[in-house]
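Visitor: Before I ask anything, here is the structure I am working with.
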Amino acid sequence: MKRIIIAVLLLLPTSLLADTVWSPSLSLSVEYEGSHIEEHEEENAIWSTARTAIGISPLSMTINEKHTLSLPMELAYTADSSVHGRLMMPGYFSTLLALRYGYHVSRDVEIAISLDTVLQWHNRQNALSWRFGMSTYLTWYPFTNLGLSIPLSASWSPGVLHFNSGLILVFNIRSIQ
Amino acid sequence: MIKRILFILISVLTICSCEMTPQQGKVVFVSIAVDYNAPDGINALDNPPEDQRVLSSQIEALSYASGEIYEQYLFLEKNGIRYFNGTEKKWNHDDILYTLSELDTLQSDLVILHYSGHGDSTGALVTDADTSSRLSAERLLDAMRGIDGRKCLFLDSCFSGVFIDDAGYMQNGDRFEDGNLESDNILNAFIPSFIGTFYKKDYGNDNIWIIAAATEEQNSFDNWDSGLPQQEKFGAFSYYLALALGYDMENDTPLLPPKGTRMTFYSLWEEIRKSMADDLKREATPQATLSVTDPVLFSL
């Protein structure tokens, strides 16, 4: 974690000198979310649901055609979960803000990692809560501006661990500096 | 040999493809309604008996429609006479606690406890005005913790918000001034919920979800007039609870929602908040346990 943060901080001033390209993007995602609730551990259940999101990453730069630093944002809706033993997790809306670092291993393939902060609005409970986590991404760009990404995320809110995976459609809007 | 393997495989597939009949669940309704010797008693309340009648009939109808076993334990004081399940009997809060301790339930059963009556300044339930003994939040919640199942409490009494532990990490936007609701803007919760994420250590709710008629500093009301049918005959909070459960107030009869409806604790909470008159909400602001988990009350 420390190394990632140091790498990001070192890249920031480097980007001013290097070949930096503003590389904003839009995304659409559909994910599976599984939640493990500490208080109901002995019931041995994972509460499953689907999450859909639209994302935008206006603050994004690609450095030396290899490294990408960005602050992606998302608006998402997570549906009502499955029911176990008469218990479910109601659906909620959320906004995500992340710090993301990506590395192009080749022209068409990128791996990335992000630190995520999520604000959740539980509309049925009429309450707010927060969640924090980390995600990794494997993205394939079959076309210059279009990518398919597979995320793997783990996040924590008090007493609950969440796991997400799915498919993200990424549309890159590349601009020449 | 191959024939035997095929036979075993087909047998296993056949058995696995059969749907197991889901085990029938149980709904237990425990209600305490006290009118303190109405109409003549000091501090008498007119409406708790009606609250119990309406809520028990609606919950019974919903339970049967959901294919569940239904049990009820009705502690009633009406015009100064005490009844237990319709039979005249002198009961006190020890009988209530004993009943709760003897409930035979499983983890996936639902226990609903309803109270309509006075709460004292500490929020304790005044189940007996003639003695000084009270049913405190601590004693009642201890008793509820000892019961297997998902437990929902609906408390229509003064200062009943004391029953709800502020879990801290989930926050609503309620802001109060001089004890009355001044704002319920959800954005008020932006910073408190962030801070609450890190300083609260106990995040569970012991399988207990509570809706209380008022905060720990507010009174609740024996009735309220917002121009709705029959409203004057019921406790202010209990009326909206019955409406949210689907009771037909105009015709004074239980009414079932459409088939396929799933009623949960928080869908009920959402309905109560939406339908409650603003002036009542201001003076007796309903409070609820805030949890990411939501018990399914009825599935039709």
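Visitor: Could you tell me the calculated FRET efficiency between A:Y77 and A:A154, based on Cβ-Cβ distance and R0 = 30 angstrom, to the nearest 0.05?
Guide: After rounding to 0.05, the efficiency reads 0.90.
Visitor: Report the FRET efficiency, 1/(1 + (r/R0)^6), for A:L119 and B:L106, where r is their Cβ-Cβ distance and R0 is 45 Å, rounded to 0.05.
Guide: Efficiency, from the Cβ-Cβ distance: 0.75.
Visitor: Work out the charge dipole of the protein assembly as shown with +1 on the Cβ of Lys and Arg and -1 on the Cβ of Asp and Glu about the Cα centre, then indicate which of A:L69, A:S82, B:Y199 is farthest towards its positive end.
Guide: It is A:L69, whose Cα lies furthest towards the positive end.
Visitor: Which angle between 0 and 90 degrees, to the nearest 10, do you get for helix B:2-17 versus the longest principal axis of chain B when only C-alpha atoms count?
Guide: It is inclined by approximately 10 degrees.
Visitor: What do you get for the angle between helix A:2-17 and the principal long axis of chain A? Use alpha-carbon atoms, 0 to 90 degrees, nearest ten.
Guide: 40 degrees
Visitor: If you bin every alpha carbon distance in the protein assembly as shown into 20 Å steps from zero, what whole percent lands in each bin?
Guide: The calculated distribution, bin by bin, is 21, 44, 25, 9, 0.
Visitor: Let me ask something additional. What is the order of A:T95, B:T289, fewest Cβ neighbours within 10 Å to most?
Guide: Fewest to most other Cβ atoms nearby, the residues stand as A:T95, B:T289.
Visitor: Most exposed first by the Cβ proxy, i.e. fewest other Cβ within 10 Å, how do A:L115, B:L300 rank?
Guide: Result, fewest neighbours first: B:L300, A:L115.
Visitor: What FRET efficiency do you get for B:N223 and B:I195 if R0 is 35 Å and r is their Cβ-Cβ distance, rounded to the nearest 0.05?
Guide: Efficiency at R0 = 35 Å is approximately 0.35.
Visitor: Helix B:48-65 versus the longest principal axis of chain B: what angle, 0 to 90°, nearest 10, using Cα atoms?
Guide: Compared with the principal axis, the helix lies near 10 degrees.
Visitor: Related question: Run the reach check for A:K66 against aspartates and glutamates, Cα to Cα strictly under 18 Å, same-chain hits fewer than 8 apart removed. What comes back?
Guide: Filter leaves A:D19, A:D108, A:E110.
Visitor: Which whole-angstrom value gives the distance between the alpha carbon centres of the stretch B:239-300 and the stretch A:73-136?
Guide: Centre-to-centre distance over Cα atoms comes out at 29 Å.
Visitor: In the structure displayed, which of B:K90/B:K281; B:K89/B:K274; B:K26/B:K259; B:K151/B:K281 lie more than 27 Å apart, Cα to Cα? Walk me through the numbers before you get to the answer.
Guide: On the way: B:K90/B:K281 35 Å; B:K89/B:K274 39 Å; B:K26/B:K259 19 Å; B:K151/B:K281 25 Å.
With Cα atoms farther than 27 Å apart: B:K90/B:K281; B:K89/B:K274.
Visitor: If you project the alpha carbons of chain A onto their three principal axes, what span does each projection cover, largest first, in Å?
Guide: Largest to smallest, the principal-axis extents are 57, 33, 28 Å.
Visitor: For B:L187 and B:D278 in the same chain, what is the full-extension length gain: residue separation times 0.36 nm, less their Cα-Cα distance, in nm?
Guide: On the way: separation 91, 0.36 × 91 = 32.76 nm, distance 1.92 nm.
Roughly 30.8 nm would be gained on extension.
Visitor: Considering the dipole of the protein assembly as shown built from charges on the beta carbon (Lys and Arg +1, Asp and Glu -1) around the Cα centre, which of A:I54, A:S25, B:N85 is farthest to its positive end?
Guide: Most positive-ward Cα: A:S25.
Visitor: If you don't mind, there's one more thing I want to ask. In the stretch A:87-177, what trypsin sites (Lys or Arg not before Pro) fall in a loop by DSSP, with at most 10 other Cβ atoms inside 10 Å?
Guide: A:R107
None of the figures in this text is laboratory data; all of them are computed from the coordinates on show. Bear in mind the structure is a predicted one, so any value in this text is a computation, not a measurement. Cβ sites come from the backbone with ideal geometry, for glycine too, and all protein chains shown count toward neighbours.
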